[in-house]
Structures are given as structure tokens and as C-alpha cells.
Amino acid sequence: MKKRVGLLYGGKSAEHEVSLSTATAVSKAIDYEKYDVYPIFITLDGQWLRGPQLTKPVESIEQLQFKSEEVSPNNITEFILDNNSQAQFDVVFPLLHGTNGEDGTVQGLLEVLNFPYVGNGVLASAAGMDKVTMKQLFSVAGLKQVPYVHFIRNEWNNGSEDLIEKCECDLGWPMFVKPANLGSSVGISKAMNREELVKAIEFAFQYDRKVIVEQGITAREIEMGVLGNDDPKVSVAGEIKPVTEFYDYESKYKDGSTALIIPAEISSEVESTMKDMAVRAFKILDCSGIVRSDFFVTENNEVYINEVNTMPGFTPVSMYPLLWQHTGVSYPQLIDSLIELAIERHTEKQ
Ligand code: ADP
Ligand code: MG
Ligand code: MG
């Protein structure tokens with residue numbers, strides 16, 4: 001029997017457009033002999049719209065952007081049960097990034113609805129989205145990372161002088177200031193001195209009530225893909241070479257000038273250190289399905305973990321699928337594996 005797959009994309013986040021491109025790519029690559037595919041579009045203002053079943057690859061991104069007038073009225077129960085009170089999907093494939101997509105909230109909804117879904121569960125998604133929680137768990141796993149300081153808005157408002165002093169005392173220049181709960185480099189800036197640090201912190205507080213300040217590191221940025229559940233596999237490594245000062249939002253999505261070098265030129269020692277760290281990071285966060293682990297590798301071959309992304313970019317030209325392609329897993333095979341892993345995890349839980 002064909003599996004019914006709900007493709008969930010769009011979303012109320014800064015990464016709405018990226019998600020639409022991913023959904024278009026997945027609809028082009030998924031095997032229609034194996035799956036009945038149902039598009040579920042979350043509009044920018046948060047409406048959930050279920051479109052007609054897809055029976056062949058979509059031709060353009062517009063085809064996936066339904067207007068509420070064009071589709072039958074939707075409410076949440078329609079996503080759970082059909083007219084015969086049967087579950088609508090065998091598996092849901094969330095292709096969402098950022099807030100309300102990658103942070104455990106949609107995952108929680110899918111748990112409540114009792115659907116198998118692709119990728120990470122509630123805990124891993126939420127912990128992976130909060131850079132402070134993520135780093136605290138990485139310390140527990142003994143993973144090497146750059147020094148950092150963190151605080152919430154209330155602490156900043158009541159003692160900015162002390163906090164700046166703490167940053168200067170614990171961290172070296174330059175510093176990277178980040179909102180704790182975002183991705184895609186949104187709200188991140190590099191500070192070279194005290195004045196820039198204050199500005200960067202105030203800027204980051206526009207996006208979140210929690211901010212992290214990290215010591216800057218001069219290093220290559222190298223990433224690895226992890227795929228699996230209890231016994232995850234790790235891909236070859238890939239290096240990112242941004243032409244901008246750091247890997248910011250523009251270089252990630254807009255200008256296409258960033259070079260991805262796969263496989264990365266690293267020694268076998270560095271590669272095995274990274275593999276070991278990638279699996280330890282995956283396990284400490286209790287990840288499942290898909291993770292991209294991002295590292296800093298210094299001139300002296302020291303490896304620091306930067307972060308994990310629990311829903312990494314997933315277009316065919318994104319790092320994660322390319323890493324797997326170079327490891328021998330094609331994009332359509334990756335989609336199959338992720339769907340199988342989702343069902344496996346759900347079955348084991350029952
Ligand atoms: P996001 O989750 O938004 O991708 P990152 O923590 O990966 O956030 O930061 C985005 C980019 O900023 C990194 O890819 C890197 O180029 C740069 N960066 C972040 N932290 C540091 C740091 N401590 N030292 C040097 N560069 C950094
Ligand atoms: Mg990230
Ligand atoms: Mg990153």
C-alpha cells in the first residue's frame with residue numbers, strides 16, 4: 001500500500017520562502033509510485049491550508065501557495081481525521097525552519113495528533129533551537145566549544161555594566177552576539193570593542209529575551225550530516241567558505257556566493273574527531289532522523305562544536321543533502337530514509 005505523506009511547509013517565520021523552495025524540491029524528487037502526497041501550506045499569517053493531492057512533481061513554487069478561497073475550508077480536525085474518522089496521513093514531513101517549525105512546537109502538535117513525523121522530536125528540537133541550552137548539554141557531553149556568557153533582558157536592564165565586564169573578563173575579542181533562539185544568522189553580529197558589544201546586545205534583544213555572547217574564533221567552518229535514530233550514521237564533511245565577514249543571512253540565502261567544498265580537506269584525525277563529536281551531540285540532545293552538526297576547525301586542527309541544526313536546509317543544493325549525495329545517498333533516497341526513520345521511531349514508541 002502506498003504511504004500517505006503530508007508535506008508541511010511555509011510557516012510563520014523568516015524562513016517561509018526557504019521552506020517553499022524546499023517543498024518544491026521535495027515534490028519534484030519524491031517517488032509518486034511509493035507515496036500519495038498531500039501538501040499542507042502554512043501561510044505567513046499562520047493559516048493552515050490543505051491543498052489537493054499531488055500526483056506529479058509541481059512545476060513551480062506558486063503551485064504550492066494556495067489561497068484560502070481556493071481550497072476547502074480547513075480546520076485542525078481535518079488534518080487529523082477524514083470523513084470516516086481515519087487518520088489522514090501515515091507520516092507528516094515538516095519542511096519548516098526556525099520558530100514554530102524547528103523548535104519543538106509543531107513537533108508537539110504532531111505528537112498530540114499521534115502522527116509519525118520526519119525528523120527530531122520535541123525535546124531535541126527545542127534544545128537544539130536554544131543556543132544556551134544546547135551548549136549546556138554539549139558541556140555535559142564533554143564537547144569542546146568556545147567560551148560564552150548568557151543573560152536575559154531583565155538582567156541586562158538591571159546590570160548592563162556588570163555584564164559587559166563579565167564578557168570582557170571571560171571572553172576575548174572579537175565577540176559574537178546572538179539571540180538564543182534563532183537560526184539563519186538572524187540578529188547575530190560581531191563586536192570588535194565595548195561600544196559595538198553594547199549595540200550588538202541591544203540588537204540581539206530585538207529578537208529574543210535571551211542573548212548569548214561568544215568568544216570569536218578564527219577557524220574554518222566544517223559541517224557533517226547525521227542520519228538515523230538509535231544508531232546514527234555520519235556523512236562526509238563539507239566546508240563552508242563565505243565571502244562575507246561571517247556566514248550571515250545574505251550569504252546563506254541571497255547572494256549564492258558562498259562556496260561549499262565537499263568533501264572538506266581535512267586530515268583523517270580531524271574527520272574522526274568530528275564524527276565522534278557529531279554522534280555525541282546527536283545523542284545528548286536525543287535527536288532522531290536528521291541533524292547537521294557544525295564545527296569550527298582551527299589552523300592547529302582543534303575542533304570545536306558550534307551548533308547542531310535539527311532541520312537543516314534541505315533543498316538539493318543545501319549542505320545536508322549534498323553531504324549525503326557525496327556519501328552515496330541520493331536526494332530521493334534521503335527522503336525515503338527519513339520517512340522510514342519517522343515510522344520506525346513512532347512504532348518503537350508505541
Ligand atoms: P545560526 O544558528 O544562526 O546559523 P551560528 O551560531 O551558526 O548561528 O552563527 C552564524 C555564523 O556566525 C557562523 O556560521 C559563523 O560564520 C559566525 N560565528 C558564529 N559564532 C562564531 C564564533 N564564536 N566565532 C567565529 N564565528 C562565529
Ligand atoms: Mg543554527
Ligand atoms: Mg549556523
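Of note:
- If R0 equals 22 Å, the separation of the Cβ atoms of residue 196 and residue 241 corresponds to a calculated FRET efficiency of about 0.30.
- Residue-by-residue Karplus 3J(HN,Hα) for the range 215-228, coefficients 6.51, -1.76, 1.60, Hz, glycine and proline x: 5, x, 10, 9, 6, 7, 10, 10, 10, 9, x, 10, 9, x
- In loop segments of the range 107-158 as defined by DSSP, the trypsin sites (Lys or Arg not before Pro) with at most 16 further C-beta atoms inside 10 Å of their C-beta are 144.
- Check: the range 124-239 dipole with +1 on Lys, Arg Cβ and -1 on Asp, Glu Cβ, in debye: 140
- Working note: Karplus 6.51/-1.76/1.60 with θ = phi - 60° gives the range 264-271 the couplings 5, 7, 9, 6, 5, 5, 4, 4 Hz, where Gly and Pro are set to x.
- Taken along the Cα-to-beta-carbon direction at a fixed 7 Å, the label points for residue 112 and residue 55 span 3.5 nm.
- Shape call, the chain: gyration tensor on alpha carbons, a/c limit 1.5: prolate
- Look at the dipole of the chain built from charges on Cβ: of 58, 100, 152, the Cα furthest out on the positive end belongs to 58.
- Residue separation of residue 286 and residue 272 scaled by 0.36 nm, minus their Cα-Cα distance, works out to 2.9 nm of gained length.
- Mean separation of Cα pairs under 8 Å and 6 or more residues apart, divided by the residue count, gives the chain a relative contact order of 17 percent.
- Calculated mean residue ellipticity at 222 nm for the chain: -10500 deg cm²/dmol, from DSSP H runs with n ≥ 4 weighted as -39500 (n - 2.57), summed, divided by the residue count and rounded to 500.
- Sequence-distant residues sharing a close amide H with residue 189 (under 5 Å, placed H): 177
- Footprinting exposure proxy for 315, 55, 105, 22 (fewest neighbouring C-beta atoms within 10 Å first): 55, 105, 315, 22
- Angle in degrees between helix 194-204 and the longest Cα principal axis of the chain, rounded to the nearest 10: 20
- The shape of the range 1-114 comes out rounded: with a ≥ b ≥ c from the C-alpha gyration tensor, a/c is under 1.5.
- Taken about its Cα centre, the chain carries a charge dipole of roughly 460 debye when the Cβ of each Lys and Arg holds +1 and the Cβ of each Asp and Glu holds -1.
- Three-way shape call for the range 177-279 based on the alpha-carbon gyration tensor, with the a/c threshold at 1.5: prolate
- Positive-pole candidate from 46, 137, 258, dipole of the chain, charges at beta carbon: 46
- Fully extending the segment from residue 3 to residue 165 would add 52.6 nm, taking 0.36 nm per residue of separation and subtracting the current Cα-Cα distance.
- Spin-label pair residue 206-residue 326: with each label point 7 Å from Cα along the Cα-Cβ axis, the two points sit 3.6 nm from one another.
- Taking every alpha-carbon pair under 8 Å whose residues sit at least 6 apart, the range 91-158 reaches a relative contact order of 27 percent.
- The trypsin sites (Lys or Arg not before Pro) found in the range 20-129 that occupy coil by DSSP, while having at most 16 further C-beta atoms within 10 Å, are 34, 67.
- Residue separation of residue 140 and residue 262 scaled by 0.36 nm, minus their Cα-Cα distance, works out to 40.9 nm of gained length.
Every read-out reported here was derived from the displayed coordinates using simple, explicitly stated rules and does not represent laboratory data. On a predicted model such as this, the values are computed, not experimentally measured, just so you know. Glycine gets a Cβ as well: all are built from the backbone with ideal geometry, and neighbour counts include every protein chain shown.
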